[in-house]
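Since every read-out is calculated from the coordinates, none of them should be taken as a lab result. The shown structure was predicted, so the numbers you read here are calculated from the model rather than taken from an experiment. A quick note on method: Cβ atoms are made from the backbone with ideal geometry, for glycine too, and the neighbour counts reach across all protein chains shown.
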Amino acid sequence: MRFSAHPMRVEVIRSPPLDDNVYLVVDEGSGEAIVIDPALAKDRVLELAQRLGATIKVIVNTHGHADHSADDGPLKAATGAKLGIHEVDAYRLERNAKQPPEYLAAPPPAVKPDLVLKEGSEIKAGSTVLTVWHTPGHTEGSVCFYAKSEGILFAGDTILAGFPGRSDMQGSSPAKMVASLRRLSHLPPATRVFPGHGPATTIGDEPWLANVAYPLV
């Protein structure tokens, strides 16, 4: 599946362990690339980057759950890329190695982030810029990456097509999820949303965002 808008190319790989969306964002001018949520797709990401002639410079997580971050360490080791995650979710990367969830066949290697992300941080590859929006609710440090010039939002598990991400897990907050979703509802309706699972959508195709209420159902 490919979505393109010059000068930023977006490729998506569907990956185990939980049918995660892994995004390879390529700045077509420079060939530099950003990987969002590697899941367990290291080998496929490397193969795709090689085929496109792209150099992976940065790996970022929308949040610290192991299904999205399991290959952070192996992909970082293979590429020398910098790894980034929001400051309040960084602890999860170490915890995932010590207390892996049952859906992983083996514990992911512990890895420390190089980039501690905060609200307003910028992730750059060539002329492509992704701005960090701190959108807690699914986890304490969940973020979205917004490419304003392209009208694209990488939403992680904050927005999925048709419904919000889960807010009933350790570190979740229904009240914070509502606030995050209300904030995202103000983006332009044409904004394309690439979620952590399932199909892409647009803000305009998710009218429930503007009316979401606490407690989430």
Quiz item: Which members of the range 26-60 meet the condition of being small (Gly, Ala, Ser) and free of Cβ contacts under 8 Å to residues at least 40 places away in the same chain?
Solution: Ala39, Ala41, Ala49, Gly53, Ala54
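A quick yes/no check of all residues on (1) touching a Ser or Thr at 6+ places or on another chain (Cβ under 7 Å); (2) polar (S, T, N, Q); (3) touching a residue at least 60 places away in the same chain (Cβ under 8 Å):
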| position | (1), (2), (3) |
| --- | --- |
| Val116 | no, no, no |
| Trp133 | no, no, no |
| Tyr146 | yes, no, no |
| Glu150 | no, no, yes |
| Phe163 | no, no, no |
| Ala179 | no, no, no |
| Arg192 | yes, no, yes |
| Thr201 | no, yes, no |
| Ala210 | yes, no, no |
Self-check item: Positions within the range 119-141 being within 22 Å of Gly31 (Cα to Cα) and not polar (S, T, N, Q), in sequence order
Solution: Glu122, Ile123, Lys124, Ala125, Gly126, Val129, Leu130, Val132
Practice problem: Answer yes if at least one residue in the range 162-184 is under 14 Å from the mean Cα position of the chain (by Cα) and not in a helix (DSSP H, G or I), and no otherwise. | Solution: yes
Quiz item: If you go through the range 139-192, how many residues are surrounded by 24 or more Cβ atoms within 10 Å (Cβ to Cβ), aliphatic (A, V, I, L, M) and in contact with a His (Cβ under 9 Å, 6 or more places away or on another chain)?
Solution: 2
Quiz item: For the range 99-114, what are the residues that are within 30 Å of Leu216 (Cβ to Cβ) and loosely packed, with under 15 Cβ neighbours inside 10 Å?
Solution: Gln99, Pro101, Glu102, Tyr103
Quiz item: Are any residues in the range 66-78 out of contact with any Lys or Arg (no Cβ under 7 Å at 6 or more places or on another chain), buried (at least 20 other Cβ atoms within 10 Å of the Cβ) and either in contact (Cβ under 8 Å) with a residue 40 or more places away in the chain or not acidic (Asp, Glu) (or both), and if so, which ones?
Solution: Ala66, Asp67, His68, Ser69, Ala70, Gly73, Lys76
